[in-house]
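Sharing a structure below in structure tokens format, with a few things to ask.
The values are calculated or read from the model by the stated rules, or taken from the named source; none is laboratory data. If you're wondering where the values come from, they're calculated on a predicted model, not measured in any experiment. Counting neighbours? That spans all protein chains shown, and the Cβs are built from the backbone with ideal geometry, glycine included. Just so you know, the surface numbers come from the protein's heavy atoms only, side chains and all, with ligands and any DNA or RNA stripped out. Shrake-Rupley method; radii C 1.70, N 1.55, O 1.52, S 1.80 Å.
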There are 2 protein chains.
Amino acid sequence: GVLFLLNYVLSLLSWRQMSDGETKRVTHSIKVGLALVLVSLLYMLEAVHDRLGDNAMWAVMTVVVVFEFTSGATISKGLNRGAGTILGCGLGSLVALLAQEIGGAGKAVAIGSSVFVFGAAATYSRLAPNIKKKYDYGAVIFILTFSLVSVSGVRGDQIIKLARDRLSSIAIGFAICLFIALFVFPVWAGDELHNSLSNKFDKLAESVEGCLEGYDSLLEGKKGAESTRDRNRANCLSVLCSKSSDEAFANFATWEPWHGRFGFYYPWKKYLHMGDSLRELAASLLSLTGCLQSIQQAPQECLLIGVKERCESTCKLLGSTLRELGRNINDMKSHQQREKNLEELKKLRLELCSTLASTMKMLVNQNGAIEGGASITSSVFLLVEIIDKVEVIVKETEDLERVADFSLK
Amino acid sequence: GVLFLLNYVLSLLSWRQMSDGETKRVTHSIKVGLALVLVSLLYMLEAVHDRLGDNAMWAVMTVVVVFEFTSGATISKGLNRGAGTILGCGLGSLVALLAQEIGGAGKAVAIGSSVFVFGAAATYSRLAPNIKKKYDYGAVIFILTFSLVSVSGVRGDQIIKLARDRLSSIAIGFAICLFIALFVFPVWAGDELHNSLSNKFDKLAESVEGCLEGYDSLLEGKKGAESTRDRNRANCLSVLCSKSSDEAFANFATWEPWHGRFGFYYPWKKYLHMGDSLRELAASLLSLTGCLQSIQQAPQECLLIGVKERCESTCKLLGSTLRELGRNINDMKSHQQREKNLEELKKLRLELCSTLASTMKMLVNQNGAIEGGASITSSVFLLVEIIDKVEVIVKETEDLERVADFSLK
């Protein structure tokens with residue numbers, strides 16, 4: 001505890017040397033602290049406490065539980081909490097009032113069975129994928145509020161007041177969260193998704209360009225370049241595993257108001273589609289690195305004449321194309337070079353195919369080199385596939401530019 | 001609400017036709033309902049309410065928030081909640097008492113600043129990946145309890161009693177959850193991870209075997225078999241995206257007590273390693289399906305003589321090997337055939353390599369068929385790669401059998 005605190009203070013003192021993500025994390029923690037202090041002061045105010053009583057603690061609870069890293073997540077959780085509380089309070093009060101009408105032993109039975117039925121049904125709904133993604137937290141809060149309100153109805157009959165106080169204290173807590181999340185150094189889920197998309201382009205560009213080093217180290221007979229390969233693999237794998245975090249960001253981004261460069265109804269879904277295409281490209285790149293890694297015997301020099309140069313220029317062009325796409329998306333600028341890009345890719349594809357044919361011809365004249373040659377032809381073939389996938393991505397970027405109204409450079 | 005309830009009741013009536021997952025979901029919802037009723041009855045009992053007062057509501061809250069789908073997750077959340085509450089209560093009481101010593105306006109300042117410091121530090125720690133994975137919920141509860149206890153210290157001085165009552169009501173709620181999670185149709189995270197691993201084998205086996213249909217439809221000139229390919233792709237992608245859910249299950253599985261076939265210290269980490277290898281295999285399979293899909297011109301018949309048969313037998317053997325591995329893992333039985341498997345794979349690899357060589361020779365004599373031929377040789381090459389990866393997986397399965405003490409069949 002104390003050690004951690006010291007560590008934290010030390011990290012605050014070295015503010016300037018922090019990375020971007022680190023700064024965001026520290027800012028977030030300070031924002032949460034600020035919200036907590038505000039809500040605590042409110043709790044300590046006589047006026048508020050006299051009106052709301054112990055229900056004021058629900059404001060504290062709301063701040064702790066609702067304040068998330070991105071503004072969109074905070075809004076989504078807050079609205080879920082509000083809706084769950086209203087529904088739970090409403091139904092709970094109804095059940096409590098009805099139970100009071102019954103009275104006697106029937107009261108406990110009525111309340112118990114209604115808690116069972118609504119609790120089970122809401123829990124079941126939480127397990128449905130669609131509800132889990134967007135309304136999971138609302139369902140939890142519904143169960144919680146419903147049980148608390150209906151059960152406490154057994155004791156008091158001031159249920160309506162209880163429900164009103166609880167709601168207003170949650171509203172106070174949410175208002176504090178909302179204010180800080182929207183106006184104090186906001187972190188937008190939309191920005192995160194946007195950056196994650198353009199980062200993916202950079203990562204894949206780096207991997208494509210890194211493939212060359214595999215070829216180089218092969219030619220020079222080095223066993224090295226392990227670290228480059230590992231980084232390439234790690235890049236591809238991180239892109240492959242990004243689906244769930246992207247989906248979460250896209251979900252939260254739809255809750256966010258107009259901010260910065262993103263209006264309402266910004267096509268976040270398109271980002272998910274592009275993410276899928278990029279993941280397919282990452283899978284192909286992963287096989288390509290695997291393919292290059294499996295070259296167990298160096299093929300004869302003559303096999304590589306022309307092939308190496310062509311592969312190098314292909315990788316370079318693919319890398320620069322991806323990087324440029326990433327930069328354009330990051331800056332939200334449209335380029336009129338897309339058509340040119342596509343044509344270049346098509347030309348490259350034809351060239352590679354003819355390289356493939358000539359390599360194969362040469363291969364057969366050189367017996368014994370078959371295995372090394374096979375991995376090279378396969379690599380070239382995979383490169384052709386990768387070109388196809390990059391073409392798809394260029395087209396999708398064009399789509400995105402059109403749908404999201406990127407400005408022309 | 002009501003419609004959903006009706007739907008839920010209807011689904012209960014059709015119990016017999018339910019799938020396995022559906023049954024588990026319905027059972028879970030009933031378990032939660034049961035726990036809620038138990039804790040509500042407790043809340044309604046005069047004896048309990050007189051002792052714990054409104055703090056009894058923390059028991060209800062604990063049940064709602066802590067009860068998760070798997071027993072391991074419930075235990076992990078419950079322990080996190082307990083630890084967070086104890087820490088928060090302890091530090092909170094301390095701060096409240098100190099603030100009371102100071103008194104006057106200093107009191108509010110002391111409490112406010114301590115809430116800020118501890119809240120910010122704990123929030124910052126939540127963003128560290130290691131803590132986020134295992135102790136995220138504990139940190140939330142720590143912040144919550146600390147703020148509530150220290151702030152309410154401004155009003156009463158019965159803090160110790162408050163803290164004790166809150167802790168005991170959380171303990172009651174957790175005990176109810178624990179009892180139901182462990183003894184009423186428990187769903188173990190370990191079982192889920194175990195099944196997910198053996199399912200991955202089945203899915204990949206299906207994909208390997210499905211590749212054949214791509215070849216077949218190619219030969220028969222059909223454009224069909226789209227659905228098979230889509231299913232293969234979906235299988236591979238679902239394996240590729242399983243990393244985060246596997247990690248969550250493995251984390252929860254370590255919290256679970258001895259149950260069924262799994263003792264303490266069962267090597268769950270090994271499952272994650274195997275998952276990684278299977279994901280790599282899935283990436284290769286994805287490229288293979290892509291490769292087969294990209295065959296744009298059917299190659300001449302003569303090219304396929306021998307190739308098709310060999311690929312078919314390879315895919316069949318790979319599929320059956322994967323299926324058997326999956327079955328063995330599922331049954332936790334060891335096989336002494338591993339060595340034989342590896343030898344078969346090695347033989348297959350050599351055969352495929354010679355097929356590759358002869359296909360390439362043939363290819364050059366048939367000008368114009370180069371492109372179709374290139375995709376075929378690449379497919380064969382990728383198959384060789386896939387054999388390598390299956391070999392790795394066979395060896396890892398051997399490891400797992402040894403580490404996890406599978407019984408000999």
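Mind checking which residues of segment A:61-72 are within 13 Å of chain B (Cβ to nearest Cβ), surrounded by 24 or more Cβ atoms within 10 Å (Cβ to Cβ) and in a helix (DSSP H, G or I)?
A:Thr62, A:Val63, A:Val64, A:Val66
Within segment A:108-122, is even one residue more than 29 Å from B:Thr23 (Cα to Cα) and within 11 Å of chain B (Cβ to nearest Cβ)?
yes
Shifting gears a bit: Looking at segment A:283-298, I want the residues that are more than 16 Å from B:Thr289 (Cβ to Cβ) and have a partner that is at pLDDT below 80 and among the basic types (Lys, Arg) with Cβ atoms under 7 Å, at least 6 apart or on another chain. Which pairs are those?
A:Thr289/A:Arg229; A:Gln293/A:Arg229
Name the residue that is modelled with the lowest pLDDT, counting only residues in segment B:39-59 that are at the interface with chain A (Cβ under 9 Å from one of its Cβ atoms) and open to solvent by 40 Å² or more (accessible area, probe 1.4 Å).
So, considering only residues that are at the interface with chain A (Cβ under 9 Å from one of its Cβ atoms) and open to solvent by 40 Å² or more (accessible area, probe 1.4 Å), the one modelled with the lowest pLDDT is B:Asp54.
For residues that are within 14 Å of B:Leu162 (Cα to Cα) and either in contact with a Lys or Arg (Cβ under 8 Å, 6 or more places away or on another chain) or free of Cβ contacts under 8 Å to residues at least 40 places away in the same chain (or both), tally how many sit in segment B:91-112.
1
Out of all the residues in segment B:91-106, is one or more more than 30 Å from A:Asp136 (Cα to Cα), outside any helix (DSSP H, G or I) and more than 10 Å from chain A (Cβ to nearest Cβ)?
Yes.
Tell me whether segment A:346-365 contains one or more residues that are at pLDDT below 85, within 27 Å of the chain's Cα centre (by Cα), open to solvent by 20 Å² or more (accessible area, probe 1.4 Å) and hydroxyl-bearing (Ser, Thr, Tyr).
No, segment A:346-365 contains no residue that is at pLDDT below 85, within 27 Å of the chain's Cα centre (by Cα), open to solvent by 20 Å² or more (accessible area, probe 1.4 Å) and hydroxyl-bearing (Ser, Thr, Tyr).
Moving on to the next point. Determine which single condition B:Lys269 fails, assuming it passes every other condition in (1) within 14 Å of another protein chain (Cβ to nearest Cβ); (2) open to solvent by 10 Å² or more (accessible area, probe 1.4 Å).
(1)
Now for a separate question. Please go through segment A:164-195 and give me each residue that is free of Cβ contacts under 8 Å to residues at least 60 places away in the same chain and of a type outside the set (Phe, Trp, Tyr), ordered by number.
Residues satisfying the conditions are A:Arg164, A:Ala175.
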